[in-house]
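This report concerns only the one structure given below.
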Amino acid sequence: MKSKIFKILRLILGVFIIVFGLNKFLNFMPAFELSAEGNAYFSALTTSKTFVLVGIVEILAGIAFITNKFGALLALILMSVSVNAVLFHIILDPASIPGALVLLTLNISVLYSYRDTYKALLA
């Protein structure tokens, strides 16, 4: 039962982050209104090409979760994106935090489902 639930959560997270990763390149989702500080932050991320890296990581992680190949590694790497998204919304855009919280929650659940893989790393 647990493995089916984690498989479903892993697939949902995979699709979720592939969509947001592709949006960084294709811009098919409408932009949301930000404060001046939020705009400055996103401008810096765009200018420095950091969004390209984040988009690539999101797409690769989504593929890893859907195919269940290297998912444990990409779940760890994606955690930095998840935490950063939540912190951004807490500080600069609290009104639109639900998506970031969903991302973080799904990422934590996927990390938990890979817990046996991390035992050697944490020994």
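Readers should treat all values here as calculations from the given coordinates under stated rules, not as data from a laboratory. Predicted model only: the values in this text are computed from it and were never measured. Cβ: placed from backbone, ideal geometry, glycine included. Neighbour counts: every protein chain shown.
Going down the table (4/49; 2/24; 7/49; 2/49; 2/69), which pairs top 29 Å between alpha carbons? Each step should come with its number before you reach the end.
Working: 4/49 38 Å; 2/24 33 Å; 7/49 33 Å; 2/49 39 Å; 2/69 19 Å.
Result: 4/49; 2/24; 7/49; 2/49 exceed 29 Å.
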If you take the square roots of the eigenvalues of the alpha-carbon gyration tensor of the range 45-117 and sort them as a ≥ b ≥ c, do you get rounded (a/c under 1.5), prolate (a/b over b/c) or oblate?
oblate
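If packing is taken as the average number of other Cβ atoms within 10 Å across a peptide's residues, how do 69-75, 41-47 rank, most packed first? Can you show the working numbers first?
On the way: 69-75: 18.4, 41-47: 13.1.
Highest mean packing first, the order is 69-75, 41-47.
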Work out the FRET efficiency for residue 31 and residue 119 from their Cβ-Cβ distance, taking R0 = 35 Å, and round it to the nearest 0.05.
0.25
Please compute the length gained on full extension between residue 84 and residue 23, using 0.36 nm multiplied by the number of residues separating them and subtracting their Cα-Cα distance.
20.2 nm
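For the chain, what is the mean residue ellipticity at 222 nm derived from helices alone (per DSSP H run of n ≥ 4: -39500 (n - 2.57); sum divided by total residues; nearest 500 deg cm²/dmol)? Let's see the in-between values first.
Working: 6 runs with 97 residues, N = 123.
My calculation for the chain gives -26000 deg cm²/dmol from helical runs alone.
So what's the convex hull volume per residue for the Cα atoms of the chain, in Å³? Working shown, then result.
Details: hull volume 13.9 nm³, N = 123.
It comes to 113 Å³ per residue, whole-number rounded.
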Show the residues, 5+ positions off or on another chain, whose built amide H is closer than 5 Å to the amide H of residue 97.
none
Taking R0 as 25 Å, what's the FRET efficiency between residue 49 and residue 4 from their Cβ-Cβ distance, rounded to 0.05?
0.05
